[in-house]
Each structure stands twice: as structure tokens, then as C-alpha cells.
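To start, the structure itself, in C-alpha cells.
The values are calculated or read from the model by the stated rules, or taken from the named source; none is laboratory data. It should be emphasised that the depicted structure is a prediction, and the values quoted were computed from it without experimental measurement. Every residue, glycine as well, gets a Cβ built from its backbone with ideal geometry; the counts of neighbours run over all protein chains shown. Only protein heavy atoms, including side chains, enter the accessible area calculation; ligands, DNA and RNA are left aside. Shrake-Rupley method; radii C 1.70, N 1.55, O 1.52, S 1.80 Å.
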Amino acid sequence: MFKAILFDLDNTLINFLEFKIETAKAAAKAMVGNGLPATEVEAYGKIFSVYDEKGIEYQKTFYEVVKPYGLEINLAERIQQAAILAYLQKKFEVLRTYPIVKPTLSTLKEDYKLGVVTDAPRNKAWQRLILTGLSDYFDVVITLDDTKAFKPSPGGFNLALKKLNLAAPECLFVGDNPERDIKGAQELGMKTCLAKYGWNKRKTDIKADYEISRFEDLLKVL
Ligand SMILES: [Mg+2]
């Protein structure tokens, strides 16, 4: 029935939220250990306050956390760099696919074109794909840099269709965010599948055609 399956990346294929939580904990600990006059819990809270305000992909988060303390410039730099290194170290340790993602993608790849449509910036998307061993599975990878607009705007979905030379009804879209992934794909006429194991705290009236509680259950949907 379908010719292609398109995936959201963060919290659908990879454990992005867990990665952001664990890296924030590690960064907070490093900041306090290097002289930030705060508790680790406070520093952790400030990191997520910056994410809430500037977006979770914001690149100067630790700078924004340290700045209001008005610290001497070398101390401020030390704290920032300690946070960046702790973040990166923890990133390499924690970031991974959900269970059984790669065998499932291998099976799907025999019968379908596969693609990613993500709101992550191009460099971060490729870092995450390479780091988690997913970089060879997809016929098309569409990132925020291709469209400059977050889902549910149609740009990324349409670009994937164009590159695959397919029409919307020929594609299934799999994502964890009803308001972005499911809504955007539905509006173009794609069938949709909600990854319930992802970032699933959202209240919404948007209903996907299918729901999965584990990634490999996708094989039963098809
Ligand atoms: Mg997602």
C-alpha cells in the first residue's frame, strides 16, 4: 500500500529527551563543580529555562545560564567550557536509538523508501544520525535548514515527497508529536502513526491513523 515511510527523528528514532535531561544534569554538576555559585538543581533548572525560552536546540545555553551571575571573566569561561565538555561527554554516552530500531529499519528498507523529516538543524541531525548508527538507512533526510519552518508547516513533508517522487497518500509518516508530525502529515494527505513512547505528555485532540508503543510494532501496522 505504501511506497515510503517517513520518520521524525527526535523522540521517534532516538532518545532525544533522555539525552537532553542527562546532559543537562551533567552540565549542571560540572558548572557547580567549577565554581558556579548555585546548587546543581538550580543550575539544571536554569538550563531548562533557557531551553524553554530560546528553544531546545539553542547553542549558547550555558553562556545564558552563567551570564546573570556577573562572574569574573575567566571564572565564567571556565564554568561554560566545563559545562560544554560535560554535555558532550554525556551526549556520546547517552544518545542512542530506541530499542530494535535498526533491525526494524533494515526490514522496512527491503520494501519501502525511507526518509527523515526533522526540525533539527542540518548539522545536529547528521551528528545524531551518525552517532546512533542510523546514517545509512535513509533515502532522504530533510532538516530545518532545508525549509526554515518547523512542522506542521508543509515545507519539509513536501520536499521529502518531491525528492522521492511520490504523492502524499503513498507515504506513512511516523512521529511522536501530534501537533507537529501528525497534524502536518495529515494536512497533506499522508497516513500517520503516533510513536507513543516518545515525548508523550502532550494533550491533544489530534488522532493518528495508527499508534505504536514500541518501534518494532510498526511492522504490525503495515
Ligand atoms: Mg519528535
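Some values worked out for this structure:
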| read-out | value |
| --- | --- |
| Potential extension, residue 89-residue 187 segment - 0.36 nm per residue separation minus Cα distance | 31.3 nm |
| Residue order for 216, 40, 187 - accessible surface, 1.4 angstrom probe, largest first | 187, 40, 216 |
| Estimated 222 nm signal from helices in the chain, with DSSP H stretches of n ≥ 4 weighted -39500 (n - 2.57), rounded to 500 | -14000 deg cm²/dmol |
| Rounded accessible area per residue of the chain, 1.4 Å, Å² | 50 |
| Percent carbon-and-sulfur accessible area, the chain, ignoring ligands, DNA and RNA, probe 1.4 Å | 52 |
| Additional length obtainable on full extension of the chain from residue 72 to residue 49, 0.36 nm per residue less Cα span | 6.0 nm |
| Largest-first principal axis extents, alpha carbons of the chain, Å | 62, 30, 30 |
| Accessible-area value, residue 213, 1.4 Å probe, nucleic acids and ligands omitted, Å² | 70 |
| Cβ-defined net charge surrounding residue 62, 11 Å radius [Lys, Arg +1; Asp, Glu -1] | +1 |
| Virtual spin-label span in nm between residue 102 and residue 150, 7 Å along Cα→Cβ | 3.2 |
| Length gained when the stretch residue 111-residue 222 is fully extended (0.36 nm per residue, less Cα-Cα span) | 38.9 nm |
| Cβ-derived FRET efficiency at R0 41 Å, residue 34 paired with residue 211, nearest 0.05 | 0.40 |
| Fraction of beta bridges assigned by DSSP in the chain that are antiparallel (%, nearest 5) | 5 |
| Kirkwood Rh, Cα atoms: Rg over Rh of region 124-222 | 0.95 |
| Listed residues 118, 104, 12, most fluctuating in the chain (Gaussian network, C-alpha, under 10 Å) | 104 |
| Region 86-181 - Rg (one decimal) and Dmax (whole number), Cα, Å | 14.0, 45 |
| Reduced Cα scattering model of region 106-147, Debye log10 I(q)/I(0), q = 0.14 Å⁻¹ | -0.31 |
| Proximal charge balance of residue 142 [Cβ under 15 Å; K/R count +1, D/E count -1] | +2 |
| Violating pairs (Cα-Cα greater than 29 angstrom) within the set 60/102; 124/162; 25/67; 163/203; 60/113 | 60/102; 163/203; 60/113 |
| Descending principal axes extents, region 17-94, alpha-carbon based, whole Å | 32, 25, 20 |
